[in-house]
1. Only one residue in Phe72, Phe84 is assigned to a helix (DSSP H, G or I), at pLDDT below 95, over 18 Å from Phe25 (Cα atoms) and aromatic (Phe, Trp, Tyr). Which one?
2. Here is a list: Gly24, Gly11. Which entry is surrounded by fewer than 18 Cβ atoms within 10 Å (Cβ to Cβ), of a type outside the set (Asp, Glu) and without any contact (Cβ under 8 Å) to a residue 40 or more places away in the chain?
3. Within the range 45-66, which residues are in contact with a helix residue (DSSP H, G or I) (Cβ under 7 Å, 6 or more places away or on another chain), open to solvent by 20 Å² or more (accessible area, probe 1.4 Å) and not polar (S, T, N, Q)?
4. Just to be sure I understand, how many residues within the range 1-58 are out of contact with any Phe, Trp or Tyr (no Cβ under 7 Å at 6 or more places or on another chain), under 30 Å from Leu98 (Cα atoms) and β-branched (Val, Ile, Thr)?
5. Counting only residues that are within 22 Å of Ala91 (Cα to Cα), in a helix (DSSP H, G or I) and of a type in the set (Phe, Trp, Tyr), how many does the range 12-67 have?
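The values are calculated or read from the model by the stated rules, or taken from the named source; none is laboratory data. If you're wondering where the values come from, they're calculated on a predicted model, not measured in any experiment. Note that each Cβ is placed from the backbone with ideal geometry, even for glycine, and that neighbours are counted across all protein chains shown. Accessible surface is based on the protein model in full, side chains and every heavy atom, while ligands, DNA and RNA are left aside. Shrake-Rupley method; radii C 1.70, N 1.55, O 1.52, S 1.80 Å.
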Amino acid sequence: MALAIVFIHAGWGKLTHLGATVQGFSSMGIPVILAYLVAAIEFLGGIMMLLGIWTTQIAWFFVAIMIGAIAFVHGAQGFVASQFVLTLLIASLAVAYLPVGKYTYKKLLGR
């Protein structure tokens, strides 16, 4: 749940400041379409993960986003600057590899 909330918050920040997000991606040489995709995946994916919908698949998207964040943004700044992103990467990998919990929407609806 905490991982989902962190990504919801990050995605919301990107969506509410979309112009700055697009400009930031563009200044790093990253295609602008990825700014929109990352913002949407973080926000909507976080909500989906919180609800237990496609949790494993969303976690893999988060893994890809965090690898990109390390490669294009935080990696050049050294370990101290990338600690949080590395933590999110490792947490996303854990969610991707662990079995889905017993409190997903499907199980609560009896499916």
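1. Values: Phe72 fails: over 18 Å from Phe25 (Cα atoms).
Exactly one residue qualifies, and that residue is Phe84.
2. Working: Gly11 fails: surrounded by fewer than 18 Cβ atoms within 10 Å (Cβ to Cβ).
Residue meeting the stated conditions: Gly24.
3. Going residue by residue through the range 45-66, those that are in contact with a helix residue (DSSP H, G or I) (Cβ under 7 Å, 6 or more places away or on another chain) are 45-56, 58-63, 65-66.
Pick out the ones that are also open to solvent by 20 Å² or more (accessible area, probe 1.4 Å) and you get 47-51, 53-56, 60-61, 65.
Ile47, Met48, Met49, Leu50, Leu51, Ile53, Trp54, Trp60, Phe61, Ile65, listed by residue number.
4. The qualifying residues number 7.
5. 5
Residues checked against (1) in contact with a Leu (Cβ under 9 Å, 6 or more places away or on another chain); (2) over 23 Å from His17 (Cα atoms):
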| position | (1), (2) |
| --- | --- |
| Ile33 | no, no |
| Ala40 | yes, no |
| Gly45 | no, no |
| Gly78 | no, yes |
